[in-house]
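Colleague: Quick one: structure below, then a few questions.
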Amino acid sequence: MTFVPRPRLFRSVALASIVVAAVALPGCSSLSFERTTETSGTFRSTGFAFTIFSIDLPKGAQLIARENASDANLANMEVTDTVTFPYLGPFDWILDIISFRWSKVEGTWGYAPRP
């Protein structure tokens, strides 16, 4: 007796596995600071999220990165650069079906000393 997989069953199991993995996969983030003077420096914050049917889990990657930097409560934080990958421009709606997204937020913090 030979086993012949059913394509519909295989697709259902594959989709269910992806959904379970996405729900179980936590959002990831990182934050680093570099001091340039006693009262100022730069920061870099990243966030990683999973999107399925336009629902970001646990929340949007850009929002994770920004909130992570904001939680540091450093004075005069200013974002100078943001990057989100992947980004498809007008076809970005395709990534709302199912995707992983990574975002980076960079900027400065503090007050530079006066000369």
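The values are calculated or read from the model by the stated rules, or taken from the named source; none is laboratory data. Please read all numbers here as calculations on a predicted model, not as lab measurements. Counting neighbours? That spans all protein chains shown, and the Cβs are built from the backbone with ideal geometry, glycine included. Only protein heavy atoms, including side chains, enter the accessible area calculation; ligands, DNA and RNA are left aside. Shrake-Rupley method; radii C 1.70, N 1.55, O 1.52, S 1.80 Å.
Colleague: If each residue of separation counts as 0.36 nm, what is the full-extension length gain between M77 and I98 once their alpha-carbon separation is subtracted?
Modeller: Contour length minus Cα-Cα distance gives 4.3 nm.
Colleague: Subtract the Cα-Cα distance of L57 and S30 from 0.36 nm times their separation in residues, and report this length gain in nm to one decimal.
Modeller: Values: separation 27, 0.36 × 27 = 9.72 nm, distance 1.67 nm.
The span from L57 to S30 would gain 8.1 nm if fully extended.
Colleague: Express in Å², to the nearest 10, the accessible area of F85 obtained by rolling a 1.4 Å probe over the protein heavy atoms while all chains stay in place.
Modeller: We get 140 Å² for F85.
Colleague: Further question on the same structure: Please compute, over every Cα-Cα pair in region 25-70, the percentage with a separation greater than 16 angstrom. It would help to have the intermediate numbers written out before the result.
Modeller: Details: 465 of 1035 pairs.
Tail fraction, whole percent: 45.
Colleague: To continue, here is another question. Work through the residues other than G89 whose Cβ is under 15 Å from its Cβ and net out their charges, Lys, Arg +1 and Asp, Glu -1.
Modeller: -1
Colleague: Using only protein heavy atoms and a 1.4 Å probe, report how much of V13 is accessible, in Å² to the nearest 10.
Modeller: 80
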